Amino acid sequence: MKQTRAVITGVQGWVPDYVLTNRELETMVDTNDEWIVTRTGIKERRILKGENQGTSIIGINAVKGLLEKTNTAAEDIDLIICATVTPDMPFPATANIIADGVGAKNSFSFDISAACSGFLYALTMGSQFIETGMHKKVIVVGADKMSSIIDYKDRATCIIFGDGGGAVLLESTKEEVGVMDSLLHADGSGAPYLHMKAGGSRKPASLETINAREHFAFQEGSTVFKFAVTNMAEVSAQIMQRNNLKPEDIAWLVPHQANKRIIDATANRMGVGPEKVMLNIEKYGNTTAGTLPLCLWDYESQLKKGDNLILAAFGGGFTWGSIYLKWGYDPR
Ligand code: UT7
């Protein structure tokens, strides 16, 4: 009997309107457009402004668009998983708020916290809910409002991150398309290099933590960079190897958009040319769990049924991984 696989049957991204350019950042911290572009590849990023605008706004807008374009009724959704490190609030889960916001009344929903690898974790998990045969329609959201935890006085982090995200619909198929393989890793000893110091149970919010600016993301950039280059490249090469994929078999590398230099190193290690690499870092920066669905959304019109895609990411935790999937549909 043919195996049941989970296949992406639609993708939709959403980014806020406000564009924060490198030029504007020059007026906020001691940096310059040339440094940012050459060291990261980023030219601008989007910022979600306004009162009471949490990550759920990104998710709700993406999921609404996804339901519309795939002609899916919200009541038919079984499960919504949201990957994010910037939930609207510690609880309830942002996925619960998204489900309510789109009218997915018959779904259950929960969040995944795996930082920049969150979408890979959530996509793997969502696929497995489909593969068991117990669920028919699963939505996986990757979204972050990074501006809510970024210190706009810290030039080492504020130039990288932006707000945005996207959602995919997963359905079952007996065809040879969909999520074929997944390779996920975590190493909690990486926490000192990328974390938020306060606001959790270890160090709850206080006047002191606020004055010490401990509610912002802390990153030891060059250390994270070294781990990212090595691990994202290695895990991408590994998933190719164990699926007997040669560089010429790969249609697209879909890399986490943290730094163009990390992306180039991963493509080099895989033997894949730049024409096969999805890249939108210059306009959105690093949206953490949002980067991969935003890439799929931007490149959707170029994807053909059966295309071999390698998704890869590295981020806080440390967490990293790759997914091999065969695209499920031709441009509509
Ligand atoms: O997505 C989750 C995982 N995160 C990542 O993958 C990010 C990984 N890290 C990076 O992308 C890079 O480390 C950064 C973009 C954050 C920094 O680039 P770098 O090439 O690693 O720079 P660095 O931290 O080693 O700093 C080099 C120099 C320093 O000056 P000195 O000490 O050499 O005089 C920094 O102070 O660049 C300076 N610098 C800046 N200069 C202008 C740091 N940030 C800036 C800035 N503008 N924004």
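In region 249-268, of all residues being assigned to a helix (DSSP H, G or I) and under 15 Å from residue 314 (Cα atoms), the one that is nearest to the ligand (Cβ to nearest atom) corresponds to 262.
Inspection of region 205-228 finds a residue satisfying the criterion of being part of a loop (DSSP other than H, G, I, E, B), charged (D, E, K, R) and under 26 Å from residue 19 (Cβ atoms).
Just checking, how many residues over region 72-120 are assigned to a loop (DSSP other than H, G, I, E, B), of a type in the set (Gly, Ala, Ser) and in contact (Cβ under 8 Å) with a residue 12 or more places away in the chain? Going through region 72-120 one residue at a time, the tally reaches 6.
For residue 287, the test of being within 16 Å of the ligand (Cβ to nearest atom) and touching a Leu at 6+ places or on another chain (Cβ under 7 Å) is passed.
Under the condition of being farther than 25 Å from residue 260 by Cα and aliphatic (A, V, I, L, M), the residues counted in region 15-61 number 2.
For region 22-38, filtering for residues that are outside any loop (DSSP other than H, G, I, E, B) and within 23 Å of residue 228 (Cβ to Cβ) leaves 7. Give the residue that is farthest from the ligand (Cβ to nearest atom), with candidates limited to residues of region 234-248 that are within 25 Å of residue 142 (Cα to Cα) and free of Cβ contacts under 8 Å to residues at least 40 places away in the same chain. Within region 234-248, the match that is farthest from the ligand (Cβ to nearest atom) is 237. Considered as a group, the residues in region 287-318 that are among the polar types (S, T, N, Q) and crowded, with 24+ Cβ neighbours inside 10 Å include one that is farthest from the chain's Cα centre (by Cα), and that residue is 287. For region 183-196, the set of residues classified as surrounded by fewer than 20 Cβ atoms within 10 Å (Cβ to Cβ) and either outside the structural domain of residue 235 (by TED's automatic domain parsing) or among the hydrophobic types (A, V, I, L, M, F, W, C) (or both) consists of 183, 184, 186, 191, 196, listed by residue number. Given 79, 67, which one is out of contact with any Ser or Thr (no Cβ under 9 Å at 6 or more places or on another chain), of a type in the set (A, V, I, L, M), away from the ligand (no atom under 16 Å from the Cβ) and at pLDDT 95 or above? Sole residue among the options that is out of contact with any Ser or Thr (no Cβ under 9 Å at 6 or more places or on another chain), of a type in the set (A, V, I, L, M), away from the ligand (no atom under 16 Å from the Cβ) and at pLDDT 95 or above: 67.
Within the span defined as region 154-174, one or more residues are within 18 Å of the chain's Cα centre (by Cα), polar (S, T, N, Q) and in the same structural domain as residue 56 (by TED's automatic domain parsing).
The residues listed here are 178, 126, 165, 103; of these, the one that is modelled with pLDDT of 95 or more and under 17 Å from residue 255 (Cβ atoms) is 165.
Only one entry in 229, 235, 224, 140 is within 20 Å of residue 257 (Cα to Cα) and outside the structural domain of residue 294 (by TED's automatic domain parsing), namely 140.
Scanning region 39-50 for residues that are of a type in the set (Gly, Ala, Ser), part of a strand (DSSP E or B) and touching a residue at least 40 places away in the same chain (Cβ under 8 Å) turns up nothing. Return a yes/no flag: does region 197-216 have any residue that is within 16 Å of the ligand (Cβ to nearest atom) and assigned by TED's automatic domain parsing to the domain that holds residue 266. Yes, because at least one residue in region 197-216 is within 16 Å of the ligand (Cβ to nearest atom) and assigned by TED's automatic domain parsing to the domain that holds residue 266.
The values are calculated or read from the model by the stated rules, or taken from the named source; none is laboratory data. Treat the numbers as computed from the prediction; the structure is a model and nothing was measured. Every residue, glycine as well, gets a Cβ built from its backbone with ideal geometry; the counts of neighbours run over all protein chains shown.
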